[in-house]
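The values are calculated or read from the model by the stated rules, or taken from the named source; none is laboratory data. This is a predicted model, so every value here is computed, not measured. Cβ placement follows ideal geometry from the backbone for every residue including glycine, while neighbour counts extend to all protein chains displayed. Accessible surface areas use protein heavy atoms only, side chains included; no ligands, DNA or RNA. Shrake-Rupley method; radii C 1.70, N 1.55, O 1.52, S 1.80 Å.
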Amino acid sequence: MDAVWNLARAEGLDFPPLRKAIEADVVIVGAGATGMAAALMLKEAGERVVVLEADRVVGGNTGGSTGNLYATLSRGLASLCDKWDQDTVNQVVSLRRQALDKIENNVKRHAIDCQFERRPLHFCIRSADSENRQKLEKEYEVSRAADLNAGIIERPPGLSVPLYRALRIEDQAQYNPVQYIQGLAKAVDGGIYEKSPVIDVDAGKGRVSTPEGEVSAGHIVFATHTPKGINMVQAEMEPYREYGVAAPLQDNSAVPGNAAAHGDYPRGIFWMLDSGHSLRSYQYGGRSYVMVIGQKHQTGHGDLGVSYYRRLEKYAAEHFNIDKITHRWSAQQYQAADLLPYIGRSGHDNVYIATGYGADGLVWGEVAAELIGSQILGRQHRGRELLTPRRFTPAKSAKVWLEANTKVARHLSTDYFTVDKVQNLDEVAAGRGRVVKFSGDSYAVYRSPEDELSTLSPLCPHMKCMVNWNAADNTWDCPCHGSRFAPDGQFIEGPAYSSLEKREPPAE
C-alpha cells in the first residue's frame, strides 16, 4: 500500500531518465518539496536547471508527509525557545509563515488543484496532570510571543477523541502534497529526469553522474532529505521513521456520542501530545478519509515483532467509525541536534544542502528553496546565518551529538559480534528478513513469501554500519545514518550512493 495522497496523483505526468551528458547552471538532486520549489524559483530567474530524481517526482518522503502546513513546529516552539531564545523562535516563525504564504501564492499563481485550505492547528492533551498543563501553557506563551493567533480551548469542535485541553493556532493550512509538487513540476516545464539516481558527485569539477548520464553545473543542490555521501551534518542528526494509515469513514454518520458528522471530521491539524498521534481528514472521490500518524522510532531501531501499522489501525478503530484500512505508508525524518535545519552552502561553495527538517519538512522545504535560490542568485536572505550548515553550536548540540555518535560507534564496533548464528538458511522464515552468521560470515537474508532467497552483505555502503530488518515496511534500514534498502538490497533512500552488495553463501 502507499500514501492516501496517491489517489489523486496525475496520470501521464512522467519524465524520462537521463541518458546523456548535459550542462546546466544548477543541478538539483531530488524532486520533492525542496527540489521542485527551488527549481521553479531558479528557472523563473532565468537559470538553466536540471532536476534528477531517483524514483519519480514526489515519490519520496514528501509524498509520505501529512500534508500539514504551519508556521509553528511539530515539537512545539517551547523546546526551541529553551534551546535558543524567543528572538530565534520569532525568526523561525516569521520564515515559516512567509514560506506558507509563498506556497499559497504558488497554488493560486499556477492554478494547482491540491485542495489547499487554511485550517487551525491543535496541540491536544488528554491528561489533566500538572506537567501536561504546564507544557501547554508554556507553548501558548511562546506562540503568542511569536505573534501567532493562539488560544487555549476546552475542546476542538467535533473531535471525538476525549481531551482535557487544546492549544488552537489559527490560519495554518493543509493540502495534498502529491498534487502540489506535481503542479510545481508542470510549472517548471522541462529539465526533470526521473529514474535517474545519482551514483557519484565530483564537487570540484561540478559534475553529477547517474547510471546512464552526467550533468555538469556550476551549482549542485542536494534536495535529498539528507546529503548524499559523507557530510559532517550527518553526525549532528538522528533519523526517524513514522507510520501512517488511512481509512474511509463509514457513511457520514456520527460517532456515538459525537454530534459532528464524519464528513467534516477532523477539519484541521490535530496533534495528540499524550499519545504521539497526529490526526487529519482528507476528501477524495466523494469519500471522507481519516488519517492517523504515529509510532515514531529511530530508523533501524524498530522493535522486532511489533506491528506499528496495527497499532495505528487499532487507534483509528477505537475513535472513528471507519471502514477497512485502505492505505499504509511511512516516511523518514532527520532531526537536527540543535532543533534547526541545515540549509545553505556545505563544505564546497558550489554545493548546497537542505536537511534536518524533523517532521516539519513541507514548509522548511519552501524556506530552503528560497534561501538556497537566493544564495545561487547572489541575493540576501534573512535566514542565511541562522540556518547555515556551517554553524557551530556545541552548547545546543552536544547532548544529541554525543548520543548519536556513541550509537554509531556502538553499531560499528559491536554489531558484528551479536549476529545470530544459524546452521541452515532455512531458519529464515518466508516473508522475513534477518541478519545472520552462516559458515563464518554475516549475511542479510530475505526469504520471499514465494520462497525465493536473497543473500546480501549486511554492511551499509555509506559507512559500513550493519543494517537491520524493518518488518513493518519490509526494508533493510541502517541504524547509523538512515540509508534504506529493498529486500533484494536495492537502494531506496539515504546518504548511501549504492545498493547492498549481493553475497552468495557457500554451498550447504
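Observations
- Filtered residues of region 199-249 (kept if modelled with pLDDT of 95 or more and in a helix (DSSP H, G or I)): none
- Region 484-505, residues that are out of contact with any strand residue (DSSP E or B) (no Cβ under 8 Å at 6 or more places or on another chain) and buried (at least 24 other Cβ atoms within 10 Å of the Cβ): P495
- Selection from region 148-158 of residues that are open to solvent by 10 Å² or more (accessible area, probe 1.4 Å), in a loop (DSSP other than H, G, I, E, B) and not acidic (D, E): N149, R155, P157, G158
- First in region 135-147 and without any contact (Cβ under 8 Å) to a residue 40 or more places away in the chain, second anywhere and open to solvent by less than 60 Å² (accessible area, probe 1.4 Å) and in a loop (DSSP other than H, G, I, E, B), Cβ under 9 Å, 6 or more apart: none
- Complete set of residues in region 1-47 that are within 30 Å of S281 (Cβ to Cβ), open to solvent by 40 Å² or more (accessible area, probe 1.4 Å) and touching a strand residue (DSSP E or B) at 6+ places or on another chain (Cβ under 6 Å): M1, D2, L7
- Just one residue in the set T72, T62 is within 20 Å of K195 (Cα to Cα) and surrounded by 24 or more Cβ atoms within 10 Å (Cβ to Cβ); that residue is T62.
- Counting the residues of region 426-483 that are open to solvent by 50 Å² or more (accessible area, probe 1.4 Å) and of a type in the set (S, T, Y) gives 1.
- Candidates S346, S330: the one that is open to solvent by 20 Å² or more (accessible area, probe 1.4 Å), closer than 27 Å to G365 by Cα, touching a strand residue (DSSP E or B) at 6+ places or on another chain (Cβ under 6 Å) and among the polar types (S, T, N, Q) is S330.
- Close contacts from region 367-396, counting a first residue that is among the charged types (D, E, K, R) and a second that is in a helix (DSSP H, G or I), with Cβ to Cβ under 6 Å and a gap of 6+ residues or different chains, come to K396/K83.
- Test: residue in region 159-171 that is in contact with a Gly (Cβ under 7 Å, 6 or more places away or on another chain), in a strand (DSSP E or B) and crowded, with 17+ Cβ neighbours inside 10 Å: yes
Results for (1) at pLDDT below 95; (2) more than 25 Å from H110 (Cβ to Cβ); (3) touching a Phe, Trp or Tyr at 6+ places or on another chain (Cβ under 9 Å), shown as yes or no for each residue.
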{"position": "G12", "(1), (2), (3)": "yes, no, no"}
{"position": "A37", "(1), (2), (3)": "no, no, no"}
{"position": "V58", "(1), (2), (3)": "no, no, yes"}
{"position": "G67", "(1), (2), (3)": "no, no, yes"}
{"position": "S74", "(1), (2), (3)": "no, yes, yes"}
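- Test: N132 is open to solvent by 20 Å² or more (accessible area, probe 1.4 Å), polar (S, T, N, Q) and more than 22 Å from L163 (Cα to Cα): no
- Members of region 48-59 found to be touching a helix residue (DSSP H, G or I) at 6+ places or on another chain (Cβ under 7 Å) and either among the charged types (D, E, K, R) or open to solvent by less than 10 Å² (accessible area, probe 1.4 Å) (or both), listed by number: V51, V57, V58
- Considering residues of region 359-396 that are among the acidic types (D, E) and under 30 Å from G276 (Cα atoms) only, the residue surrounded by the most Cβ atoms within 10 Å (Cβ to Cβ): E366
- Residue count for region 57-91, restricted to those that are charged (D, E, K, R) and in contact (Cβ under 8 Å) with a residue 12 or more places away in the chain: 2
- Total residues in region 75-88 satisfying the condition of being under 12 Å from L340 (Cα atoms) and either open to solvent by 20 Å² or more (accessible area, probe 1.4 Å) or touching a Ser or Thr at 6+ places or on another chain (Cβ under 8 Å) (or both): the figure is 7.
- Total residues in region 250-284, condition among the aliphatic types (A, V, I, L, M) and either modelled with pLDDT of 90 or more or surrounded by 22 or more Cβ atoms within 10 Å (Cβ to Cβ) (or both): 4
- Hits in region 157-198 - residues which are basic (K, R) and touching a helix residue (DSSP H, G or I) at 6+ places or on another chain (Cβ under 9 Å): R165
- The single condition among (1) open to solvent by 10 Å² or more (accessible area, probe 1.4 Å); (2) closer than 27 Å to Y265 by Cβ; (3) at pLDDT 95 or above that V178 does not satisfy is (1).
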